[in-house]
Amino acid sequence: MSWRRIALASILGAGVCTTAFAAPASDAGESALHERAMDDGTRLTRASLCGYVDPELERLNEILRVAAEARFRAAGREFDQSAYDAGFYAGMQRAMSQLLQLPSEQVEDMQRYRATHCAQVRSEIDALLAGTAPATP
């Protein structure tokens, strides 16, 4: 199966989960949580595309979620796990949509994709996993 088909299947699956979040958030806190979760979902998907696998992806997911929760609690806001999850899946969908927008020759060969698109992603993810960079973008 081609990477474009895998990406499309992922988008369609994530799209079902994000339908409820098509409407704008009702307040700034919800909007901030949704945006943060989308950024986290995008980062995790890019990490996966750049060759990270379990348990690294599980650790990264936990680092991002804990940082988001801590940030919202420190701001005196309640952390809504289900809202975070919905935003996270929307971010995964965004990353896969961005992948589909690339020229086909850039994504048909994963080695080529990783060589041209993964240096910055790997640097950021390696620092997060090593604990030498903050999880907040």
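Things to note:
- On inspection, A37 does not qualify as part of a helix (DSSP H, G or I), at pLDDT below 50 and within 13 Å of the chain's Cα centre (by Cα).
- Annotation note: of S82, S2, S31, the sole residue that is exposed (fewer than 12 other Cβ atoms within 10 Å of the Cβ), modelled with pLDDT under 90 and among the hydroxyl-bearing types (S, T, Y) is S2.
- Residue match in the range 107-119 (condition: hydroxyl-bearing (S, T, Y), surrounded by fewer than 14 Cβ atoms within 10 Å (Cβ to Cβ), modelled with pLDDT under 95 and in contact with a Lys or Arg (Cβ under 9 Å, 6 or more places away or on another chain)): no
- Some residue of the range 58-72 being in a helix (DSSP H, G or I), modelled with pLDDT of 95 or more and among the β-branched types (V, I, T): yes
The values are calculated or read from the model by the stated rules, or taken from the named source; none is laboratory data. These numbers were taken from a predicted model, which means no experiment stands behind them. Virtual Cβ from ideal backbone geometry, glycine too; neighbours counted across all protein chains shown.
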